[in-house]
There are 2 protein chains.
Amino acid sequence: MGGDIHKGLEGVLVGESGLGKVDGENGALYYCGYIIDDIVEHASYEETVALLLDKELPEQTELDRVEETLRERRSIPAEVDTVLEGMADAQPMDALRTAVSMLAGHDDDPDDMDRARDKLLGIIAKVPTIIAAHERYNQGEEPVEPDPELGHAANFLYMLRGKAPGEREAEALDAALKLYAEHGMNASTFAGVVTVSTLANVYGAVTSAIAALQGPLHGGATETVIEMIEDVGGPDNAEDWVAGKLEAHEKIPGFGHRVYQVTDPRCQHFKAHIDRLPHEEYDEWIATIEAVREAVEEALGGKGIWPNTDLYSGTLYTMLDIPPRFDTAMFAMARVAGWSAHILEQLEDNRIMRPRVRYVGELDREWVPLTER
Amino acid sequence: MGGDIHKGLEGVLVGESGLGKVDGENGALYYCGYIIDDIVEHASYEETVALLLDKELPEQTELDRVEETLRERRSIPAEVDTVLEGMADAQPMDALRTAVSMLAGHDDDPDDMDRARDKLLGIIAKVPTIIAAHERYNQGEEPVEPDPELGHAANFLYMLRGKAPGEREAEALDAALKLYAEHGMNASTFAGVVTVSTLANVYGAVTSAIAALQGPLHGGATETVIEMIEDVGGPDNAEDWVAGKLEAHEKIPGFGHRVYQVTDPRCQHFKAHIDRLPHEEYDEWIATIEAVREAVEEALGGKGIWPNTDLYSGTLYTMLDIPPRFDTAMFAMARVAGWSAHILEQLEDNRIMRPRVRYVGELDREWVPLTER
């Protein structure tokens, strides 16, 4: 059995895609050919969902349909709510994975693949409700019913806090959701695609993607950035702190990316929304981030180590009263759009994903009776 | 971005393995180097689990430990039981996937990867309890508590029916579980491996595998074999029935395999256990299967089309009062051993699974305002 082994499938092409395009060299990200900067500026998260699922900017009537669907399907069945209450002390990602899996039981025909897009819209609609309800139970409070008057992002903050967010807060979360909605093939998206390649239902496929995103090699390191900024202790300490880390050859969280050889194009948008939020109490914090960024860029920019989104996203979430332990769930809330789009793309031209492994164990071993072992 | 596209990852080697070895040319299957015939004859399912997880036949003390663990961890938390009751009308695989995912919430430290093997044993222990409890609720009956006096297979039949099975029945199910415990890399195993490659917890990894197994391209076609035998209507009709199918160029369920070029080596063991079961009322049924087999082998054997396990497994389950809609769940109950073994093998030498896709969409599309679309 010849051939090379492709550990981690690095560099292996598994298919063609018209969804996310990451231009690492120039620091650009595109969704279906539209640059992320245009999407952040002009579209809502709901419109981004429509774009990703259909690969075309929606006309007004289609956008209305998608918005209406996402709005009407927010409520979760009482049984799912009970599960979230029972899992109040579980990690948010374990609860989210379980609840999305359970939704299949509340669909009359979960395996109807002709209605995959519609079912996926239902999942996208419910993910924020699930995350917010679980957090409320974790905090010993009752969940808050979704408000159909609010958009996708604003409604999440409303369900989380029990009161409507300010306009700039809603816009900031909407931006974060758009920025993380899609990023080409990655481990969680791939887990979803592998699962649906058996023609498994979309609840199972999204459940797989959530399961994979939960892993620390994938879900990001925003929590460690928050710890880092606390550890630095102020902008004036940044230069010495960075120098100390570099001397000790320690990794600095929030910098470096596998694909981007320049600053991650999403960073400037996170920073802009952070700056627009009311932030008296965060002035020192933000100044510390910028001081760390300048010190690291000066020292490592020449080596291709530039800021990634982790440097900013945790701060944005913190300013929106979203606790750091929720960062991976926030990622899921955004990325479920990209997962859904890749799942639909796989179904368009499906082949079951079935790689091989090389057998390297012994062969024809002789059975040894238990008494002689 | 050069390179070939590997649709379905066909022929792509993703790693090395010392677990299942399928010799398609000679019709042989090995677990960790031991031929399946020895395993079916000498080991229990519990011993097979120990072999797969550790790649060595267990000594008596280790086998005792594994058996004890599988016995002691059968009970499921009351909250999981409630979910299964709430999902009474759902498909068995949707319920199983949800319940296994939920188990993470009942583990104090689900992400402790150093204890992955122990956690996986806990999952293997609970899968039969979950499937049986769900079926009981589906039938409007209360679940039956596991009986610690019974082995893994016998206890499942006890929980399903509410009374202990006969010895030959328990042996037949034990054989089926062993025969389906492992089969190298396949789509469900791969989904589990992709998920754990992010260092996601093992509950998530097994959940992904269950999700992928649910798909009709993977989970088997035993149900259609049952329908076929009913359609044939008796052994005397087999030859004409097969000839009719061949003339119409229709596929005959229960025959042909992607890898095996001869009869699937597991078939003879299924057949032997079917023959050993009390089967007065199944005499005609079994004779029909054999008549179909002879007719198909005569017509298609020269073309490499031979019986696969689907031809027999559905009949074995039916004789054990396990309804056909449970066939994929029975597959999961067996294969969770192989999934667990591959998950542990991945963790031994992990690299995150991150293939690429070729972007084939448009680039630099100009944003069109909503009003102008």
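The values are calculated or read from the model by the stated rules, or taken from the named source; none is laboratory data. A quick note: this is a predicted structure, and the numbers were derived from the prediction, not measured. Glycine gets a Cβ as well: all are built from the backbone with ideal geometry, and neighbour counts include every protein chain shown. When the accessible area is computed, the model is the full protein with side chains, heavy atoms only, and any ligands, DNA or RNA have been set aside. Shrake-Rupley method; radii C 1.70, N 1.55, O 1.52, S 1.80 Å.
Checking each residue in the stretch A:243-287 for being touching a strand residue (DSSP E or B) at 6+ places or on another chain (Cβ under 8 Å) and among the aliphatic types (A, V, I, L, M) picks out only A:Val259. Give me the residue from the stretch B:100-125 that is free of Cβ contacts under 8 Å to residues at least 12 places away in the same chain and within 13 Å of B:Ile343 (Cα to Cα) and, out of that set, surrounded by the most Cβ atoms within 10 Å (Cβ to Cβ). Step by step, filter the stretch B:100-125, then rank; the result is B:Arg115.
For the stretch A:296-308, filtering for residues that are assigned to a helix (DSSP H, G or I) and open to solvent by less than 20 Å² (accessible area, probe 1.4 Å) leaves 2.
Scanning the stretch B:198-219 for residues that are in a loop (DSSP other than H, G, I, E, B) and either in contact (Cβ under 8 Å) with a residue 24 or more places away in the chain or open to solvent by less than 10 Å² (accessible area, probe 1.4 Å) (or both) gives B:Thr198, B:Leu199, B:Ala200, B:Asn201, B:Gln214, B:Gly215, B:Leu217, B:His218, B:Gly219. B:Arg74 satisfies every condition listed in (1) on the phi > 0 side of the Ramachandran plot; (2) more than 12 Å from every other protein chain (Cβ to nearest Cβ); (3) of a type in the set (D, E, K, R) except (1).
Residues of the stretch A:157-207 that are more than 27 Å from A:Ile36 (Cα to Cα), in contact with a Gly (Cβ under 6 Å, 6 or more places away or on another chain) and among the small types (Gly, Ala, Ser): A:Ala200 alone. Meeting the requirement of 2 or more residues that are among the polar types (S, T, N, Q) and surrounded by fewer than 21 Cβ atoms within 10 Å (Cβ to Cβ), the helices (runs of 4 or more DSSP H) wholly within the stretch B:24-78 are B:60-72.
The number of residues in the stretch A:11-23 that are more than 21 Å from the chain's Cα centre (by Cα) and in a strand (DSSP E or B) comes to 4.
Look at (1) of a type outside the set (A, V, I, L, M, F, W, C); (2) closer than 20 Å to A:Tyr180 by Cβ; (3) part of a helix (DSSP H, G or I); (4) open to solvent by 50 Å² or more (accessible area, probe 1.4 Å) and you find that A:His342 fails only one, number (4).
Tallying residues that are among the small types (Gly, Ala, Ser) and in contact with a Pro (Cβ under 7 Å, 6 or more places away or on another chain) within the stretch B:104-131 yields 1. Within the stretch B:1-14, the residues that satisfy the criterion of being on the phi < 0 side of the Ramachandran plot and open to solvent by less than 40 Å² (accessible area, probe 1.4 Å) are B:Val12, B:Leu13, B:Val14. Filter the stretch B:150-168 for residues that are open to solvent by less than 40 Å² (accessible area, probe 1.4 Å) and under 18 Å from B:His279 (Cβ atoms) and give the result. Hits for the stretch B:150-168 are B:Leu157, B:Pro165, B:Gly166.
Scanning the stretch A:329-373 for residues that are β-branched (Val, Ile, Thr) and more than 9 Å from every other protein chain (Cβ to nearest Cβ) gives A:Val336, A:Ile343. Would you call B:Thr288 more than 30 Å from A:Leu9 (Cα to Cα), polar (S, T, N, Q) and either without any contact (Cβ under 8 Å) to a residue 12 or more places away in the chain or open to solvent by less than 20 Å² (accessible area, probe 1.4 Å) (or both)? Against the criterion (more than 30 Å from A:Leu9 (Cα to Cα), polar (S, T, N, Q) and either without any contact (Cβ under 8 Å) to a residue 12 or more places away in the chain or open to solvent by less than 20 Å² (accessible area, probe 1.4 Å) (or both)), B:Thr288 qualifies.
Does any residue of the stretch B:314-326 turn out to be surrounded by fewer than 19 Cβ atoms within 10 Å (Cβ to Cβ) and either part of a loop (DSSP other than H, G, I, E, B) or facing another protein chain (nearest Cβ under 10 Å) (or both)? Within the stretch B:314-326, one or more residues are surrounded by fewer than 19 Cβ atoms within 10 Å (Cβ to Cβ) and either part of a loop (DSSP other than H, G, I, E, B) or facing another protein chain (nearest Cβ under 10 Å) (or both).
Any idea how many residues of the stretch B:170-187 are at the interface with another protein chain (Cβ under 7 Å from one of its Cβ atoms) and either in contact with a Leu (Cβ under 6 Å, 6 or more places away or on another chain) or open to solvent by less than 10 Å² (accessible area, probe 1.4 Å) (or both)? Summing the residues that are at the interface with another protein chain (Cβ under 7 Å from one of its Cβ atoms) and either in contact with a Leu (Cβ under 6 Å, 6 or more places away or on another chain) or open to solvent by less than 10 Å² (accessible area, probe 1.4 Å) (or both) in the stretch B:170-187 gives 2. Taking the stated definitions as given, is A:Asp275 outside any helix (DSSP H, G or I), within 27 Å of A:Leu157 (Cβ to Cβ) and under 26 Å from the mean Cα position of the chain (by Cα)? No.
Considering only the stretch A:351-366, I want to know if a residue exists there that is surrounded by fewer than 20 Cβ atoms within 10 Å (Cβ to Cβ) and of a type in the set (Gly, Ala, Ser). Yes - at least one qualifying residue is present in the stretch A:351-366.
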